[in-house]
There are 2 protein chains.
Amino acid sequence: MSHATPDDILRLGMGFWASKTLLSAVELGVFTTLAQSPADLATLRAKLGLHERSARDFLDALVALKVLHRQEGVYRNTPEADLFLDKAKPSYVGGLLEMANSRLYGFWGSLTEALRTGELQNEAKHGSDFFGTLYAEPERLRGFLKAMSGISAGAARAIATNFPWADYKTFMDVGAAQGMVPVTLARLHPHLTGIGFDLPQVRPVFEAFVAQEGLSDRVRFHEGNFFEDDLPQADVIIMGHILHDWDLSQKKMLLRKAYDALPNGGALIVYEAIIDDERRENAFGLLMSLNMLIETTGGFDFTGADCQKWMRDAGFSSTRVEPLVGPDSMVIALKEA
Amino acid sequence: MSHATPDDILRLGMGFWASKTLLSAVELGVFTTLAQSPADLATLRAKLGLHERSARDFLDALVALKVLHRQEGVYRNTPEADLFLDKAKPSYVGGLLEMANSRLYGFWGSLTEALRTGELQNEAKHGSDFFGTLYAEPERLRGFLKAMSGISAGAARAIATNFPWADYKTFMDVGAAQGMVPVTLARLHPHLTGIGFDLPQVRPVFEAFVAQEGLSDRVRFHEGNFFEDDLPQADVIIMGHILHDWDLSQKKMLLRKAYDALPNGGALIVYEAIIDDERRENAFGLLMSLNMLIETTGGFDFTGADCQKWMRDAGFSSTRVEPLVGPDSMVIALKEA
């Protein structure tokens, strides 16, 4: 240990520098601007409204962070940044980063207080209601739901590929948002018809996306509130990034509602950043659970073992966990035939 | 690209979660507490004052981030965390992370504004003066200078090893802080005598550290302000993490003062997170330059090529760059014999 260095610890502790630099780049439109055309420093400074003092450091830091390339003084997006951070592309995931920048970065500044008190640290701490406001503003809601689509596209594709869809005819996605999962399933499996279930305000966004994909004949919207209403019936029910928002009794209630809405032989798929059973590998899942501490009154993330136990408590007969992409896994539960 | 995933981009963008989790752990004393004795969840919760809601997620996230180990429910520090994050050890670097947690994390929230205006975003934005206040409070100053020692210990060892000290008899460290570089040089090279140069308030902290290391006969303190005073003479002058705080004309003035204070045949060593000449590899150096944007009115980091050019402009005849540890390099300049 005499020659151990604190480099890894300092890199982790100062990691907010790199993170915030990317978040500011998204906020400033760096990637959307460069997707239109690569540009040199002077052009980019003028387009983005950057002060000369640190424009070059900022852009070169983005090169070193491997989201920009620079060749002979001309900056361009890396292929991944161009695909996922250009606002003009449907694959844009920057909406999540915009929200992280404008909301979560600041709220996480109060993490220590949250850890001491167990209390949320977002707008609700001072009496306002981010999601209530969001759902009341159609334009902002559209942006938010689109961002969620970008995030769930990879998982949607993996669910469409890795689950035995040939054995089922109908599906229902709970908290469908823009409809990325329903659209992906219907596109890859022409024998399937499906429902997106979400709050009434989501309907126009969902229906527009489904129509644009030419799937309105097989994918429809069902409006409701999953705390107040029963869930519509389907052979397979999907809940993605839903359960972690809620406390244990609410989670169990939602699983029970899914069980009740399924026919015998039906299946439930829960997918999110499922924590590994040993709780020592999936850092993102564990940090997401701390994000639920910041954002909700009782939400938390959970392991595959936790989820399977709750599923069996709800009546399901057979359960398993399968990895999807990145930190996401799906927990599958079957209702006895 | 059709199966590209946004995982790397999202991991970078959400990197402030992991970073802030470590910063809160340092603030809460997790590592100092566990250095005294490993502990299970209940014990640690009580000792640290953690709420039950997320204590386990927090500690398991630290396991997944590889700063804690957990075996049969008992948490302990990893060897690196024990060495560098236990406040009771002289190798503690947590002082920097404490400052990052209480100051920089929040100020970096205004990075976008800094990039647009070119103006600093720390306490000075609202008229207060962090360093002025710090230097007026002996206890806080002691903690800060000790933190700087932890950070520079690795570089100090590399400078002591990689430079031809046999060719020189005296050295002077500009902005010596607690004295880690002078102490390391004097300890490894018994033929050397040296000076630590810093503001008068630093004297008691410096002299106590040197005395504790038994080196008071060969290392002494010289008080001064490097903007107002000439530098004391020495065969080798060292400036670590000093130049980046200042604007270009101040940097050049400091290099000229070093040149003037050196005898013919003397050497200047500038060390910090020197940016690679291509400005595309050393992300930490580029981000440190953005930190100078946040913290100073005109400071910025620089490449080895930049520094060598300024050194030659100041009169030095021969210059070179050598890597030290992590993101740090040293730029060496010789004054013609």
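The values are calculated or read from the model by the stated rules, or taken from the named source; none is laboratory data. As the structure is a computational prediction, the values presented were derived from the model and not from experiment. All Cβ positions, even for glycine, are placed from backbone atoms using ideal geometry, and neighbour counts span all protein chains on display. Heads up: the accessible areas ignore ligands, DNA and RNA and are worked out on the full protein's heavy atoms, side chains in. Shrake-Rupley method; radii C 1.70, N 1.55, O 1.52, S 1.80 Å.
Before moving on, here are some points about what is shown:
- According to the calculation over all Cα-Cα pairs in segment B:177-274, the P(r) per 10 Å bin from zero is 15, 47, 33, 5 %.
- Accessible surface of segment B:75-208 [probe 1.4 Å, protein heavy atoms]: carbon and sulfur percent: 57 percent
- Summed buried accessible area for B+A [probe radius 1.4 Å, Å², rounded to 100]: 7600 Å²
- Segment A:1-129: Rg to Rh, with Rh as the Kirkwood radius over Cα pairs: 1.06
- Electrostatic bookkeeping for A:L34 treats Lys and Arg as +1 and Asp and Glu as -1; over the other residues with beta carbon under 12 Å from its beta carbon, the sum is +1.
- Dividing the helix sum by the residues of chain B, where each DSSP H run of 4 or more adds -39500 (n - 2.57), gives a mean residue ellipticity at 222 nm of -13500 deg cm²/dmol.
- Per-selection metrics, segment A:186-228 (Cα): Rg and Dmax in Å: 11.0, 32
- Note on B:D276: accessible area is roughly 40 Å² with a 1.4 Å probe, heavy atoms of protein only.
- For B:D247, label point 7 Å along C-beta direction: distances to other copies, nm: 5.7
- For B:83-93, mean number of other protein chain Cβ atoms within 10 Å: 2
- Long-range HN-HN contacts of B:V219 with modeled amide H, under 5 Å: B:G194
- Cα-Cα separations in the protein assembly as shown greater than 41 Å, expressed as whole percent: 36 percent
- Rounded accessible area per residue of chain B, 1.4 Å, Å²: 39 Å²
- Global dimensions of segment A:33-85 from alpha-carbon coordinates: Rg and Dmax equal 10.3, 30 Å.
- Dimensions (Å) - segment B:228-332, Cα atoms, principal axes, largest first: 36, 28, 21
- Taking Lys and Arg as +1 and Asp and Glu as -1, the other residues whose beta-carbon sits under 15 Å from that of B:G214 total 0.
- Contact residues in segment A:282-296 by the 30 Å² criterion (accessible area, 1.4 Å probe, full protein complex versus chain alone): A:A283, A:F284, A:L286, A:L287, A:L290, A:L293.
- Working from the Cα coordinates of segment B:220-275, the gyration tensor eigenvalues give, after taking √(5λ), semi-axes of 18, 14, 12 Å in decreasing order.
- Dipole axis of chain A (+1 Lys, Arg; -1 Asp, Glu on Cβ), positive-most option in A:A46, A:W246, A:G265: A:A46
- DSSP-defined antiparallel bridges as percent of all bridges, the protein assembly as shown, nearest 5: 45 percent
- Point-to-point label distance, B:H126-A:T161, nm (Cα→Cβ direction, 7 Å offset): 5.1 nm
- Proximal lysines relative to B:K251, as straight alpha-carbon distance under 24 Å, when same-chain residues fewer than 8 apart are discounted: B:K125, B:K309, B:K335
- Within segment B:59-122: Cβ-based charge dipole about Cα centre, in debye rounded to nearest 20 (Lys, Arg +1; Asp, Glu -1): 40 debye
- Convex hull of alpha carbon positions in segment A:91-161: directionally averaged projected area 6.2 nm².
- Taking amide H positions as modeled 1.01 Å from N, with prolines and chain starts lacking one, the residues under 5 Å from B:T78 and 5 or more places away or on another chain are B:L68, B:H69.
- The mean sequence separation of alpha-carbon pairs under 8 Å and at least six residues apart, normalised by the residue count of segment A:30-85, gives a relative contact order of 45 percent.
- Averaging 1/r across all pairs of distinct Cα atoms in chain A and inverting the result yields a Kirkwood radius of 21.7 Å.
- Cα-based reach from A:K89 at 15 Å (exclusive), listing aspartates and glutamates while leaving out same-chain residues under 8 positions away: A:E80, A:E213
- Long-range HN-HN contacts of B:M330 with modeled amide H, under 5 Å: B:E322, B:L324
- Between segment B:134-150 and segment A:217-292, the Cα center-to-center distance that results, in Å: 51 Å
- Zone residues, segment B:177-209, relative to B:R220, backbone N less than 11 Å from point 7 Å out along Cα-to-Cβ: B:194-196
- Within chain B, longest stretch clear of exposed GluC sites (Glu not before Pro) (DSSP loop, no more than 12 other Cβ within 10 Å): B:73-227
- Taking a sphere under 9 Å around the Cβ of A:A333 and counting the other residues whose Cβ falls inside, with K and R at +1 and D and E at -1, yields a net charge of +3.
- Residues B:M288, B:M148, B:M172, ordered by accessible area of protein heavy atoms at a 1.4 angstrom probe radius and largest first, appear as B:M148, B:M288, B:M172.
- Rounded to the nearest 20 debye, the dipole magnitude of the protein assembly as shown is 300 debye, with +1 charges on Lys and Arg beta carbons, -1 on Asp and Glu beta carbons, and the Cα centre as origin.
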